[in-house]
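Please treat every number below as a calculation from the coordinates, not as lab data. Nothing here was measured: the structure is a model prediction, and the numbers come from that model. Using ideal geometry, Cβ is built from the backbone for each residue, glycine included, and neighbour counts are taken over all protein chains shown.
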Amino acid sequence: MDFTKEQLKDEIIKTMKTIYDPEIPVDIYELGLIYEVNIDDQNHVEIVMTLTSPSCPVAGTMPQEVEQKVKGVAGVSDVTLELVFEPPWNQDMMSEEAQLELGFM
């Protein structure tokens, strides 16, 4: 099944919305931890993400979980994940939905 890049990106985002930060009951996409999702012409996906803090307890496992789950999306040929801490994550990066859920609005 062939997806357009936009459809593939939607499927990748849907997959990322199944991954939750263990300390905050909101998925990593709504939390604003995903900075970029880029797809090239060979459907190689590049993800730029951060964590709520560099000392986050899942720093060693969450990036691998994201990479593995995105690799499992139909149509994805490969995944490169870059973990960054610039700009540092803050609550303003959360979606309105996440802010409402956590009582910040």
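General remarks:
- Dipole magnitude of segment 12-105 about its Cα centre (Cβ charges: Lys, Arg +1; Asp, Glu -1), debye to nearest 20: 280 debye
- Computed lengthening from Lys5 to Glu46, 0.36 nm per intervening residue step minus Cα-Cα distance: 13.5 nm
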